[in-house]
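The values are calculated or read from the model by the stated rules, or taken from the named source; none is laboratory data. This one's a predicted model, so the numbers in the text were calculated from it and none came from an experiment. Every residue, glycine as well, gets a Cβ built from its backbone with ideal geometry; the counts of neighbours run over all protein chains shown. For the accessible areas, the whole protein counts, side chains as well, though only heavy atoms, and no ligand, DNA or RNA atoms are used. Shrake-Rupley method; radii C 1.70, N 1.55, O 1.52, S 1.80 Å.
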Amino acid sequence: DFGTIESGSDAAHYFVFSNTGTVPLVILNVRSSCGCTVPSWPKAPVSAGMKDSLRVEYNTKIRGAFNKTITVQSNASSAMVDLRIKGNVIKATK
């Protein structure tokens, strides 16, 4: 939850995850519910027992409330996982 943020400000979040499996975790694809949300993720496999993160950035030039979904596809036992971000972008007070 980004809460209330000003237009033009930085709105990025890192979803940190751990590979609790016994084989390397491979993130196959990540897609967002709109072009206003840009995900980036590790392209290399994440070894068993290691941590990494997936970064999600929201375009704060778009004002108003938002509630977006990012779908992560991997080789994990739960092959599809949905992540969510939300917040409200208001006019900058500068």
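For every residue, the table says whether it meets (1) touching a strand residue (DSSP E or B) at 6+ places or on another chain (Cβ under 7 Å); (2) at pLDDT 95 or above; (3) in a loop (DSSP other than H, G, I, E, B); (4) open to solvent by 70 Å² or more (accessible area, probe 1.4 Å).
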site: HIS13; (1), (2), (3), (4): yes, yes, no, yes
site: VAL16; (1), (2), (3), (4): yes, yes, no, yes
site: VAL23; (1), (2), (3), (4): no, yes, yes, yes
site: LEU28; (1), (2), (3), (4): yes, yes, no, yes
site: CYS34; (1), (2), (3), (4): yes, no, yes, no
site: ALA44; (1), (2), (3), (4): no, yes, yes, no
site: ALA48; (1), (2), (3), (4): no, yes, yes, no
site: SER53; (1), (2), (3), (4): yes, yes, no, no
site: VAL56; (1), (2), (3), (4): yes, yes, no, no
Pairs please, first residue from region 1-13 and among the β-branched types (Val, Ile, Thr), second anywhere and part of a strand (DSSP E or B) and open to solvent by less than 40 Å² (accessible area, probe 1.4 Å), Cβ atoms under 9 Å, 6+ apart in sequence or on different chains.
THR4/GLY87; THR4/VAL89; ILE5/TYR58; ILE5/GLY87; ILE5/VAL89
I'd like to know if region 58-66 contains one or more residues that are open to solvent by less than 50 Å² (accessible area, probe 1.4 Å), modelled with pLDDT of 95 or more and over 22 Å from THR93 (Cα atoms).
no
Listed by first then second residue, the pairs whose first member lies in region 53-80 and is free of Cβ contacts under 8 Å to residues at least 40 places away in the same chain, whose partner is open to solvent by 20 Å² or more (accessible area, probe 1.4 Å) and among the aromatic types (Phe, Trp, Tyr), with beta carbons under 9 Å and at least 6 positions apart or on separate chains, are SER53/TYR14; SER53/PHE15; SER53/PHE17; SER53/TRP41; PHE66/PHE2
